[in-house]
Amino acid sequence: MQPALLPRFIVLLGPPGVGKGTQAALLEKALGIPHLAYGDLFRDAIQRKTELGCLAKGYIDKGELVPDEVTIAMVRQRLAEPDCQRGAILDGFPRTIEQAEALEAALAEEGKAINVVLYIKASEETLLARLAGRWTCRRCGAVYHSLFDPPKEAGKCDRCGGELYQRPDDTPETQRRRIQVYLAQTAPLIDYYRRKGLLVEIDGEGSIEEVQAELMRAIEASRRQIGDEPEAK
Ligand code: ADP
Ligand code: ADP
Ligand code: ZN
């Protein structure tokens, strides 16, 4: 049996297309804590045509951020669920300083805190090449790349057999807009978390396996730093 771990809250920060979702799915398996993918939650709400989905769609299609009050309420609710009590991998949240402050407050209410913020970096050229070949599973949200990480069978998800599609917000114009929005609204979080001593910079240019190994090393190091070694059962 895996040794139990203390609660661990890990934030993945980085521009669109750098590989946050891909890496978070691998970390979920390695660490046994849930991957909270905010883009997936919105896409799911859009598919189910819920009130949240209708509201979010207009923003997502343009490459803009969904308003903070909506996103923050959603995160608070998700973090209160039982599977998040031991920790979570936050992918795509926070994306603004206001969201970061709300996250800190929500965790503090339960005596919890972010343990480490992993900032994955890559050049704009790399981001655009990754976004251009991204295929996503309609059913489970798994991500593939037509060249760098192809599914075994074209158009079909290896994990669940679902249909793969290219996201409507992965058009060249929307991709550029998302990168601009990231630079204006999300990039300030880099300094914000650096000042708090939580930031670890990760080179995102390598292969999926190389980036994963670097992330795991950073997580291990942060665990030793806070004296959070795996507990023996
Ligand atoms: P990517 O993987 O390309 O970075 P995501 O799938 O994480 O994109 O997010 C897709 C869209 O969902 C974003 O462009 C934005 O409109 C919305 N979104 C996701 N997370 C947030 C957030 N924390 N705050 C506001 N909007 C968000
Ligand atoms: P994000 O969640 O940061 O927007 P994704 O995880 O969706 O990024 O990855 C964007 C695209 O790049 C996907 O098609 C994915 O398969 C691919 N990808 C992710 N990491 C790498 C990597 N290290 N090398 C090459 N392609 C990658
Ligand atoms: Zn799938």
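One-quarter of the Cα convex hull surface for the range 65-178, in nm²?
8.7
Can you list the residues, at least 5 places off or on another chain, whose amide H is less than 5 Å from the amide H of V18, using H built in the peptide plane?
Amide H neighbours of V18, under 5 Å, 5+ apart: none.
Anyone know which of V117, V70, V11 comes out most mobile in the 10 Å Cα GNM of the chain?
Result: V70 has the largest fluctuation of those listed.
For the range 105-233, what mean projected area does the convex hull of the alpha carbons give, in nm²?
Mean shadow area of the hull around the Cα atoms is 10.9 nm².
For a 24 Å ceiling on Cα separation, which of these pairs sit above it: K49/K112; K29/K196; K29/K152?
Beyond 24 Å between Cα atoms: K49/K112; K29/K196.
Using a Gaussian network model on the chain with a 10 Å cutoff between Cα atoms, which of A129, A37, A88 fluctuates the most?
A129
With a 10 Å Cβ neighbour count serving as the proxy for reagent exposure, in which order, fewest first, do E205, E28 appear?
E205, E28
Got a sec? How would M74, M216 order by Cβ neighbour count within 10 Å, fewest to most?
Arranged by neighbour count, lowest to highest, M74, M216 become M216, M74.
Under the 0.36 nm per residue contour assumption, what length would be gained going from the current alpha-carbon distance of K152 and R177 to full extension?
Length gained between K152 and R177: 5.8 nm.
What is the sum of charges around S123, taking Lys and Arg as +1, Asp and Glu as -1, for the other residues whose C-beta is under 13 Å from the C-beta of S123?
Charge balance in the 13 Å sphere: -2.
Label point 7 Å out from R195 along Cα-to-Cβ: which residues of the range 46-89 have amide N under 19 Å?
none
Full extension from A213 to Q166: what is 0.36 nm times the residue separation minus their Cα-Cα distance, to one decimal in nm?
14.1 nm
How far apart, in nm, are the 7 Å Cα→Cβ label points at R48 and R224?
The two pseudo-label positions are separated by 4.3 nm.
For the chain, modelled as a GNM with alpha-carbon contacts under 10 angstrom, which of A25, A80, A122 fluctuates the most?
A80
Once every Cα of the chain carries one equal point scatterer and solvent is ignored, give the base-10 log of I(q)/I(0) from the Debye formula at q = 0.09, 0.13, 0.15 Å⁻¹, two decimals.
After summing over all Cα pairs, the log10 values are -0.36, -0.79, -1.08.
Would you grab the residues whose amide H sits under 5 Å from the one on G162? Only those 5+ places off in sequence or on another chain, please, with H modelled 1.01 Å from N.
Amide H neighbours of G162: C157.
Among the aspartates and glutamates, select those whose C-alpha is under 13 Å from the C-alpha of K62, and discard any that sit fewer than 8 residues away in the same chain.
D169, D170, E173
Bear in mind that the values in this text are calculations on the coordinates, not laboratory data. It should be emphasised that the depicted structure is a prediction, and the values quoted were computed from it without experimental measurement. Positions of Cβ are backbone-derived with ideal geometry, glycine not excepted, and every protein chain shown enters the neighbour counts.
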